[in-house]
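Report on the structure given below.
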Amino acid sequence: MYKNDRFFIANKVERQIENPVNHPVNLDQVIDEGLGFRMYCKAFQFGDTQAGLFLAYAFSDFLIHNYGFKLYKDSKPESPLRSITLKYDKDRIVLSLYPLEYSLKVLNYESTFQALHNRLDSQLKSLPRAEELLKNIIEGKEGQS
């Protein structure tokens with residue numbers, strides 16, 4: 001049994017997507033279904049930051065396994081919520097995400113994991129190659145790709 005199943009089992013919640021259990025749709029689902037993830041964490045005396053960290057870990061794992069992101073710890077982050085960073089590197093084009101910061105936005109109903117997943121999916125498919133960007137810059141076509 002996958003370790004992220006515990007919340008679903010303990011709260012008798014039917015996952016919307018069977019596999020992977022940490023799919024963004026399922027992560028959004030745990031925010032309110034059953035006891036709700038925030039209350040579930042409070043039962044173990046965890047605060048919002050810890051709840052956000054659990055969600056950030058699950059979402060990061062999804063992005064690592066499905067898109068090839070890599071997780072980094074920033075020794076001098078610009079804010080405490082940006083101490084862990086996910087990076088996607090394709091042909092020297094680097095995309096960075098801050099999973100803890102984003103997870104807390106989800107917990108505060110400012111966004112959803114599925115919304116970010118949809119944006120990432122479309123943007124990663126259309127990332128230009130570094131050579132194309134460089135050529136466009138040299139030719140003065142920066143905004144025309």
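The values are calculated or read from the model by the stated rules, or taken from the named source; none is laboratory data. All of these numbers come straight from a predicted model, not from anything done at the bench. Neighbour counts are summed over all protein chains in view; Cβ atoms, including those assigned to glycine, are modelled from backbone coordinates with ideal geometry.
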Consider PHE62 carefully, then state whether it is in contact with a His (Cβ under 7 Å, 6 or more places away or on another chain) and either at positive phi or buried (at least 17 other Cβ atoms within 10 Å of the Cβ) (or both). yes
Return yes when LEU86 is touching a Ser or Thr at 6+ places or on another chain (Cβ under 8 Å) and part of a helix (DSSP H, G or I) and no when it is not. no
Any residue in the stretch 71-90 that is in contact (Cβ under 8 Å) with a residue 40 or more places away in the chain and out of contact with any Pro (no Cβ under 8 Å at 6 or more places or on another chain)? no
Being modelled with pLDDT under 85 and either over 26 Å from ILE64 (Cα atoms) or surrounded by fewer than 14 Cβ atoms within 10 Å (Cβ to Cβ) (or both) is the filter here, so list the residues in the stretch 19-38 that pass it. GLY34, LEU35
Any idea how many residues of the stretch 62-93 are modelled with pLDDT under 90 and closer than 30 Å to GLU18 by Cβ? 1
Give me a count of the residues in the stretch 97-145 that are modelled with pLDDT under 70 and in contact with a strand residue (DSSP E or B) (Cβ under 8 Å, 6 or more places away or on another chain). 4
Which residue out of TYR72, TYR57, TYR98 is out of contact with any Lys or Arg (no Cβ under 7 Å at 6 or more places or on another chain) and not hydrophobic (A, V, I, L, M, F, W, C)? TYR57
